[in-house]
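See structure below.
Bear in mind these aren't lab numbers, they're just calculated from the coordinates by the rules spelled out. Computed from a predicted model, the values in this text were never measured in an experiment. Cβ coordinates were reconstructed from backbone atoms using ideal geometry, including for glycine residues, and neighbour counts include every protein chain displayed.
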Amino acid sequence: MSNNRVTRRQFLTYSLTGVGGFMAAGMLMPMVRFAVDPILQTKEEGEFVLTSQKVAEITDAPVKVDFSYEQTDGWYKSEVSDSAWVYKEGDQIIALSPVCKHLGCTVNWASNSDHPDQFFCACHAGRYEKTGVNVKGTPPLGPLDQYEVDEKDGFIMLGKKIANTHS
Ligand code: FES
């Protein structure tokens, strides 16, 4: 008779360890999956947000276009509201971010009667040309960001922010 026989105690120990491990793995796997879920999500690049602004109504005078989109930050999803100043430059549609490059206030088009053809930031009298390029001698040190622009069924779509193409 061989000495390698498994005793009843060993058999029970191995069996219970195996079943216990299997059950523990079954409970832990969903928790691990949940913990790393945001890391596993593939980020969609170049996503555009459809706005209610008709392309046909865009002129060479900037208009404010409001839009919103869902933002995912880790496990937290929220609805974000944003806006852009949109106008036509020849055949091209330009969409500028309204966020001032000085300290982040919101800029408005033609809101200062002394400079009716510029964007004006009321916080510290910052000014920008229509192209979004900052006026030298005013607080902003850089041009307004631009949005990528596309269109769908006659409506403007806005993508991610990019560096101003006029600077
Ligand atoms: S935040 Fe716009 S000029 Fe200061």
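Rounded to the nearest 5, what is the percent of antiparallel bridges among the DSSP beta bridges in the chain? In the chain, DSSP labels about 100 percent of beta bridges as antiparallel.
Considering only CYS100, TYR147, CYS123, the residue lying farthest towards the positive end of the dipole of the range 49-162 is CYS123, judged by Cα position with unit charges set on Cβ. As I understand it, the value is the acute angle between the Cα axis of helix 8-40 and the longest principal axis of the Cα atoms of the chain; what does it come to in degrees, rounded to 10? Roughly 0 degrees, rounded to the nearest 10. Between ALA110 and GLN118, PHE119, PHE120, the built amide H atoms are under 5 Å apart, and every one of these is 5 or more places off in sequence or on another chain. Other residues whose C-beta falls under 14 angstrom from the C-beta of GLY90 contribute a net charge of -1, scoring Lys and Arg +1 and Asp and Glu -1.
When the GluC sites (Glu not before Pro) in the range 79-156 are filtered for DSSP coil states and for at most 16 other beta-carbon atoms within 10 Å of their beta-carbon, the remaining sites are GLU129. Remark: THR7, THR51, THR165, THR131 ranked as THR7, THR165, THR131, THR51, counting other beta-carbon atoms within 10 Å and listing the fewest first.
When CYS105, CYS121, CYS100 are arranged by Cβ crowding within 10 Å, least crowded first, meaning fewest neighbours, the order is CYS105, CYS100, CYS121.
Put a plus charge on the Cβ of each Lys and Arg, a minus charge on the Cβ of each Asp and Glu, and nothing anywhere else: the dipole of the chain about its Cα centre is then about 1380 debye.
For the range 65-136, applying the loop criterion from DSSP together with a ceiling of 14 other beta carbons within 10 Å to the trypsin sites (Lys or Arg not before Pro) yields LYS136. Computed from backbone phi, the HN-Hα couplings of the range 123-135 come to 4, 9, 6, x, 9, 9, 5, 4, 6, x, 6, 5, 7 Hz, rounded to whole numbers (Karplus: 6.51 cos²θ - 1.76 cosθ + 1.60, θ = phi - 60°; Gly and Pro given as x). Kirkwood hydrodynamic radius computed over the chain comes to 20.1 Å, based on all pairs of distinct alpha carbons. Across the chain, Cα pairs under 8 Å and at least six residues apart give a relative contact order of 18 percent.
Backbone phi angles across the range 55-65, fed through the Karplus curve with coefficients 6.51, -1.76 and 1.60 (θ = phi - 60°), yield HN-Hα couplings of 4, 5, 8, 7, 10, 7, 9, x, 10, 7, 10 Hz in residue order; Gly and Pro are listed as x.
Each label was represented as a point 7 Å from its Cα along the Cα-to-Cβ direction; for SER68 and SER15 these points are 6.0 nm apart.
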